[in-house]
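The values are calculated or read from the model by the stated rules, or taken from the named source; none is laboratory data. What you see is a predicted model; the values in this text were computed from it and never measured. Don't worry about glycine lacking a Cβ; one is built from the backbone with ideal geometry, like all the others, and counts go over all protein chains shown.
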């Protein structure tokens with residue numbers, strides 16, 4: 001898994017046409033979307049602890065309490081917000097809440113499918129949820145689509161990966177698709193040869209330093 005993470009990041013860095021310092025990709029604060037999910041765990045309680053789906057009108061419907069509005073609430077702030085809201089009904093609630101974005105991860109990954117991915121997950125690690133890229137994946141050219149339109153690809157996506165931007169910071173929505181294309185066989189052989197060299201370099205350098213002593 002560590003090797004796969006390194007491959008994704010190296011592919012992103014190698015493919016960037018402009019220096020990172022000159023890039024214009026910036027994180028975006030993101031609110032909840034209809035269809036997002038919230039994983040809620042309340043300590044010492046079994047009534048509220050479960051995963052909920054954000055409903056129409058941007059509301060979270062809890063047992064007994066009913067609808068809690070989420071309009072204007074950032075995904076990153078959901079835990080503190082729900083602590084305050086549940087504090088109206090429970091005495092000093094201790095809870096853990098995390099926003100989840102349901103994404104399709106398709107193409108050359110080990111386990112293509114639909115996944116509820118934490119909104120604070122680094123985008124480069126999102127592929128790992130689906131088992132990581134296959135040996136035939138063209139990891140430098142994957143893309144993110146929404147309703148058939150590309151919303152992230154090319155240099156902007158590579159820069160986002162290199163900067164460790166999260167799903168939330170990239171304003172991804174439930175239903176977005178991460179698509180990893182197939183690499184032509186000749187290119188795949190070259191890529192894995194280069195990766196093999198990069199992986200073996202630290203070992204070779206260590207061996208040389210030992211000989212020097």
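Taking residue 20 and the conditions (1) on the phi > 0 side of the Ramachandran plot; (2) at pLDDT below 95, which numbered condition does it fall short on, given that it satisfies the others?
(1)
If you take the residues of region 75-116 that are without any contact (Cβ under 8 Å) to a residue 60 or more places away in the chain and in contact with a helix residue (DSSP H, G or I) (Cβ under 7 Å, 6 or more places away or on another chain), which of them is surrounded by the fewest Cβ atoms within 10 Å (Cβ to Cβ)?
Among residues in region 75-116 that are without any contact (Cβ under 8 Å) to a residue 60 or more places away in the chain and in contact with a helix residue (DSSP H, G or I) (Cβ under 7 Å, 6 or more places away or on another chain), the one surrounded by the fewest Cβ atoms within 10 Å (Cβ to Cβ) is 96.
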